[in-house]
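Student: I'd like to ask some things about the structure below.
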Amino acid sequence: MSKQTGGISQHEQLMTAGESEGAIKPTRFSRGIHGPPQSHYWFMQIDCPHKTWYNMGMRMTYKYRLFPASAQRTMLEHTLEQCRLVYNRTLAMRKSAWEQGQKPVSRYDTIKMLPVWKEELTELKYVHSQVLQEVCTRVDLAFRHFFRRVKAGEKPGYPRFKGKGWYKSFTYPQSGFKLLDNGRLRLSKIGDVRIKLHRPIEGEIKTLTVKRDMFGNWYACFSVEVEPQPLEPSPDVVGIDVGLSDFATLSTGEKVANPRFFRKEETALAKAQRRLSKCEKGTVEFRKYKRVVQHIHQRIANKRRDFSHKLSRKLVDTYQFIALEDLNIQDMQDGNYRSMNKSIGDAAWHQLVQHISYKAEKAGRTVVLVDPRNTTKECSDCHAIVPKKLSNRVHSCPFCGCVLDRDLNAALNILARGLASMGANP
Ligand SMILES: [Zn+2]
C-alpha cells in the first residue's frame, strides 16, 4: 500500500524550508520519474526549469522467502481466504450505500463492523485483528483511487470483488509479528514460520506484508523506513552509456561487460517457450512446460537483481555525481536504440537506474537523467554532429580530429549534459 499522500504532507515543511539547509541534498532527477518504485518513495514535485523531483522520506521493502510447515501453510491460505471474504463484504457494504445514495461509509464504519461479522463468521477469529482492519484500509484506498479518477473526469472501473485465488497478500500494519533469533518469523495466529534472511534488514520496520506468488511460494515483505546515510563526499563524477556490445560504458573509459547469464538465460527461455508452444493447452505437458518457463523468468529476475545491486553499489560508492540516459525518451533517429533481442538487458538497465537512484539518495549523491538524443552522434570535443552507423565502433570527428571509442564518446556527452543541467560547466 502506498503511503504517498501522508508522506508528502509530512514533509511539506521540510520542502519549503529550501535546500539552503545544507544538510543532506536530496537526489535530483532531471526528468520525470521512471526511477525509484513509487510505492517505496514519497515524492514532491517542485516547479522549476528541469522539472526536478525530490525524494523525501524513504521507504524500502525487504523481501524474504518463507518456508512454512504444512500446518502453517494451511493457516496462511486460510488467512488469505478470510481476508478475501472481509474484503468482499466491506466492498459490498460501501457499494450498496453508494448506489442507494445513503451516507457514505467510511473506513472507520467498516472497521466497526468487524466484531459483528466475527460473531457470524467464526473462522475470522483465527485471523489477527489488525490484519482484518488493514483489509478495510485496502478497500478504502480502492475507493479513494476510484473517486479521484472520477473527479479527474476519467472513467475508472468500479472497485471489484475478489474471486477465489485473486487475493494474494495480507498485511500486519503495526504489530502481530516478530523476527526471532532462531531463523523464524513469529506471525500471530499462524506460528513461527521459517524465514531465509539472506541479507540483514536495515532501518525501522513499519509493516509486514505476507505474500503468495503464482507457484504457491510464500514471502515476507518488510516495509522499512530508512534514514539517509551520507557517504564521505567524492570528487568524482561519471556519465554512463548503455551499450550494445557491452552492458555499459563509463565516461572514465571503464566498460561493464554484459553478464554471461544474459545470453545463457535467453537461450534457455527461447527453448522452453518453443517446447511450450508445441504442447496442447490444458494438457499435463502444457502445465509442466508453463511452469518451466515461469521458473526461468524467476531465475532471470533473481540474477538480474543481484547484478544490479552489486553494480549500483559500486557506482554510488565511487561517484558523487552520476549522469544516466533517460530511456523514457527513445533515441529512434539515432539508430542507437537497442533493437536486438535485449529484453533481459533492457530490464536490467531500468532496474539499475532504480537501484542507483535509491542508493544515491541514501548516500547523499546526485543522479541526473539526461535526454539521450544524439549522444552517439555528437562529438564530445567540438559538439559537431557526426553521423555514424551502428557498425561504426569508433567516433572519428572530421571537424576537430577527435578519435574515441563510440560508447566512450556517448558517455562523455551524457556526463556533460548532466553537469550542464545542474548549471555546472563540464
Ligand atoms: Zn569534434
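The values are calculated or read from the model by the stated rules, or taken from the named source; none is laboratory data. All values derive from a computational prediction rather than experimental measurement. Methodologically, a virtual Cβ is constructed for each residue, glycine included, from the backbone with ideal geometry; neighbour enumeration extends over all protein chains shown.
Student: Could you list, in sequence order, the residues of region 388-410 that are within 21 Å of Asp246 (Cα to Cα), within 16 Å of the ligand (Cβ to nearest atom) and not charged (D, E, K, R)? Outline the logic, then answer.
Tutor: Residues of region 388-410 within 21 Å of Asp246 (Cα to Cα): 388-396, 403-410.
Narrowing further to those that are within 16 Å of the ligand (Cβ to nearest atom): 388, 392, 394-396, 403-406, 408-410.
Residues satisfying the conditions are Asn392, Val394, His395, Ser396, Val403, Leu404, Leu408, Asn409, Ala410.
Student: Let me ask something else. What number goes with the only condition from (1) within 20 Å of Val131 (Cβ to Cβ); (2) touching a residue at least 60 places away in the same chain (Cβ under 8 Å); (3) among the hydroxyl-bearing types (Ser, Thr, Tyr) that Ser234 does not pass?
Tutor: (1)
Student: Of the residues Val131, Val127, which single one is aliphatic (A, V, I, L, M), within 27 Å of the chain's Cα centre (by Cα), surrounded by 18 or more Cβ atoms within 10 Å (Cβ to Cβ) and assigned by TED's automatic domain parsing to the domain that holds Ser96?
Tutor: On the way: Val127 fails: within 27 Å of the chain's Cα centre (by Cα).
Within the list Val131, Val127, the selection yields Val131.
Student: Moving on. I need the full set of residues from region 130-167 which are touching a residue at least 40 places away in the same chain (Cβ under 8 Å), part of a helix (DSSP H, G or I) and out of contact with any Ser or Thr (no Cβ under 7 Å at 6 or more places or on another chain), in order please.
Tutor: Those that are touching a residue at least 40 places away in the same chain (Cβ under 8 Å), part of a helix (DSSP H, G or I) and out of contact with any Ser or Thr (no Cβ under 7 Å at 6 or more places or on another chain): Leu132, Gln133, Thr137, Arg138, Leu141, Ala142, Phe143.
Student: Hey, Gly216 hits all of (1) among the small types (Gly, Ala, Ser); (2) in a loop (DSSP other than H, G, I, E, B); (3) touching a strand residue (DSSP E or B) at 6+ places or on another chain (Cβ under 9 Å) but one; which does it fall short on?
Tutor: Gly216 satisfies all of (1) among the small types (Gly, Ala, Ser); (2) in a loop (DSSP other than H, G, I, E, B); (3) touching a strand residue (DSSP E or B) at 6+ places or on another chain (Cβ under 9 Å) except (3).
Student: Okay, next question. Give the residue, chosen from Thr376, Thr366, that is on the phi < 0 side of the Ramachandran plot, within 16 Å of the ligand (Cβ to nearest atom), polar (S, T, N, Q) and within 35 Å of the chain's Cα centre (by Cα). So that I can check it myself, show each step before the final result.
Tutor: On the way: Thr366 fails: within 16 Å of the ligand (Cβ to nearest atom).
Matching residue, one of Thr376, Thr366: Thr376.
Student: Checking Ile201 against (1) within 22 Å of Asp213 (Cβ to Cβ); (2) among the aliphatic types (A, V, I, L, M); (3) surrounded by fewer than 13 Cβ atoms within 10 Å (Cβ to Cβ): exactly one of these is not met. Which one?
Tutor: Among (1) within 22 Å of Asp213 (Cβ to Cβ); (2) among the aliphatic types (A, V, I, L, M); (3) surrounded by fewer than 13 Cβ atoms within 10 Å (Cβ to Cβ), the lone unmet condition for Ile201 is (3).
Student: Something else about it: How many of the residues making up region 367-404 are touching a helix residue (DSSP H, G or I) at 6+ places or on another chain (Cβ under 8 Å), among the charged types (D, E, K, R) and farther than 30 Å from Arg313 by Cβ?
Tutor: So the answer is 2.
Student: Can you find a residue that is modelled with pLDDT of 90 or more, closer than 18 Å to Ser245 by Cβ and either out of contact with any helix residue (DSSP H, G or I) (no Cβ under 8 Å at 6 or more places or on another chain) or more than 16 Å from the ligand (Cβ to nearest atom) (or both) anywhere in region 341-353? Spell out how you get there, then give the answer.
Tutor: Step one: filter region 341-353 for residues modelled with pLDDT of 90 or more, giving 352-353.
The next check asks that each one be closer than 18 Å to Ser245 by Cβ; those that pass are 352.
After this cut, where a residue has to be either out of contact with any helix residue (DSSP H, G or I) (no Cβ under 8 Å at 6 or more places or on another chain) or more than 16 Å from the ligand (Cβ to nearest atom) (or both) as well, the list is 352.
Scanning region 341-353 turns up at least one residue that is modelled with pLDDT of 90 or more, closer than 18 Å to Ser245 by Cβ and either out of contact with any helix residue (DSSP H, G or I) (no Cβ under 8 Å at 6 or more places or on another chain) or more than 16 Å from the ligand (Cβ to nearest atom) (or both).
Student: Would you mind telling me which numbered condition in (1) away from the ligand (no atom under 16 Å from the Cβ); (2) at pLDDT 85 or above; (3) not in a helix (DSSP H, G or I) Ala360 fails?
Tutor: Going through the list (1) away from the ligand (no atom under 16 Å from the Cβ); (2) at pLDDT 85 or above; (3) not in a helix (DSSP H, G or I), Ala360 breaks only (3).
Student: Does Leu408 qualify as being touching a strand residue (DSSP E or B) at 6+ places or on another chain (Cβ under 7 Å) and either surrounded by 17 or more Cβ atoms within 10 Å (Cβ to Cβ) or assigned by TED's automatic domain parsing to the domain that holds Asp326 (or both)?
Tutor: Considered against the rule, which asks whether it is touching a strand residue (DSSP E or B) at 6+ places or on another chain (Cβ under 7 Å) and either surrounded by 17 or more Cβ atoms within 10 Å (Cβ to Cβ) or assigned by TED's automatic domain parsing to the domain that holds Asp326 (or both), Leu408 comes out as yes.
Student: Only one residue in Arg107, Arg160, Arg144 is surrounded by 15 or more Cβ atoms within 10 Å (Cβ to Cβ), charged (D, E, K, R) and modelled with pLDDT of 90 or more, so which one is that? Steps first, answer last, please.
Tutor: Values: Arg160 fails: surrounded by 15 or more Cβ atoms within 10 Å (Cβ to Cβ); Arg144 fails: surrounded by 15 or more Cβ atoms within 10 Å (Cβ to Cβ).
Just one listed residue meets the conditions, Arg107.
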